[in-house]
1. Residues in region 34-76 that are crowded, with 24+ Cβ neighbours inside 10 Å and either among the charged types (D, E, K, R) or touching a helix residue (DSSP H, G or I) at 6+ places or on another chain (Cβ under 8 Å) (or both): how many?
2. Please go through region 77-104 and give me each residue that is buried (at least 18 other Cβ atoms within 10 Å of the Cβ) and part of a loop (DSSP other than H, G, I, E, B), ordered by number.
3. For region 168-182, how many residues meet the condition of being over 29 Å from the mean Cα position of the chain (by Cα) and either surrounded by 21 or more Cβ atoms within 10 Å (Cβ to Cβ) or part of a strand (DSSP E or B) (or both)?
4. For residues that are among the small types (Gly, Ala, Ser), part of a strand (DSSP E or B) and either under 20 Å from residue 174 (Cβ atoms) or outside the structural domain of residue 99 (by TED's automatic domain parsing) (or both), tally how many sit in region 114-126.
Amino acid sequence: MAAPTFRGIGAYGSGTTSFTAAVPTADAPVAGDLLLIIMESTDSSTAAGTPSTPANWTKIFEQTFGPGATNVSTLTIFAKIAGAGEANVTVNGVLDHCSGSMLAIAGHGVANVATDIVVGTAANHGTGTSGLSTPSITVTADSMIVLAVGFTDDAADTTNISGVTNANLAGITERRDQTVSTAAGGGVGIYTATCAGTTTGNTTWAHDTAAQSESLHLGIKPGVAAIVGTLAVTLGTLTLSSAATADVQGALTVTLGALTVAGGAVVEVQGIGAATLEAMALVGTGEVTSGAVEIVGTLAVTLDAMSVTGDADAFVQGSGSSTLEAMTASGSAQVAVAGGADAALSTMTLVGAGAVDLSAILSVQLGALGAAGAGKVATSGALSKTLATMGLTASGTSGGAPPAGGEHSVTWVC
């Protein structure tokens, strides 16, 4: 599963009683991205910062270190899921100084920012300068890890942190390292990385000034393509590659238009009233093992202009109506329709050893159907069968007029 990716970070903001957390511009967030504001503040040289939570944001972490002392520092983190056209955010409510940045993360699996983000235990580094250690957290494999650091450095500095090291993390990258001299001063450090395993281990680093600092890890889990329990789902021109999964469950209507399934991808549709898979292509092992499309227990199934290649199967069972129009089955592919009230296979072509098996149905219509090579059409247990203008070549069998060199078999069961 792919880890979330860093989208961008906005300009650093600072002030006395408020500051602007600027939305990233070079790589602007899109709807659905995870947004974080990481900030540091105080209300005086000895009092904790008290930033107000911006509208539509959630405070996921806040802790004050060294309250009542001259090195007091409050580290705060706000989060939200981006909507369309996010704007700059003003953070206020403090009395001495405040500063921070907004960053955007794409491809995450966070639905609820209050519960789906792993917020680690913060470490109080005091005025230490070397061997500082941010505690480990347990995460979902392939998570993005954010290292958030708060400083009280009363200086305009962009080189506060150095030597960031963690053997369990890959791609450790600085996103922000900045302090200011506004009032009592202060600032933040922000790093991102990815964790292939489920334990981050401790991150060690050094601070260039003997001033209060504190830090913690955030774990952002990867995203999955899952749609569950919806009333209507439309996946138009959706492409699933590699081992991706699209799981649609409990829907009344599901439309998969021009859907492509490649590699070991899976498309699962279950418990629905109607399913339409139009112009769908299966490549490689695109179902569980053999590249099959299986739709079970539906009221209506339409497979229009669908291609089944290799040893793939198109299997429709227990349906009230099955329509397989302009469908091609090549190689050793099979099309099976069982237990239906009505099945129509109009202008369908079977190539090679393909087979069409229609059993236990009330009405079968095979109009202008062609079966080539060793193709086979089997109809059994039906009350009514219509095989109009159907052609069969080589050693195939059908229920129509006997073709040259072919076989003829018709069975009526009333």
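The values are calculated or read from the model by the stated rules, or taken from the named source; none is laboratory data. Since this is a predicted model, take the numbers as computed values, not measurements. Don't worry about glycine lacking a Cβ; one is built from the backbone with ideal geometry, like all the others, and counts go over all protein chains shown.
1. Residues that pass the stated criteria total 1.
2. Within region 77-104, 82, 86, 94, 96 meet the criteria.
3. Pass one, region 168-182, residues over 29 Å from the mean Cα position of the chain (by Cα): 177-182.
Those still in the list that are either surrounded by 21 or more Cβ atoms within 10 Å (Cβ to Cβ) or part of a strand (DSSP E or B) (or both) too: 177-180.
Final tally of qualifying residues: 4.
4. Taking region 114-126 as the starting set, the residues that turn out to be among the small types (Gly, Ala, Ser) are 114, 120, 122-123, 126.
Those still in the list that are part of a strand (DSSP E or B) too: 123, 126.
Next, from what is left, pick out any that are either under 20 Å from residue 174 (Cβ atoms) or outside the structural domain of residue 99 (by TED's automatic domain parsing) (or both): 123.
The number of residues fulfilling the criteria is 1.
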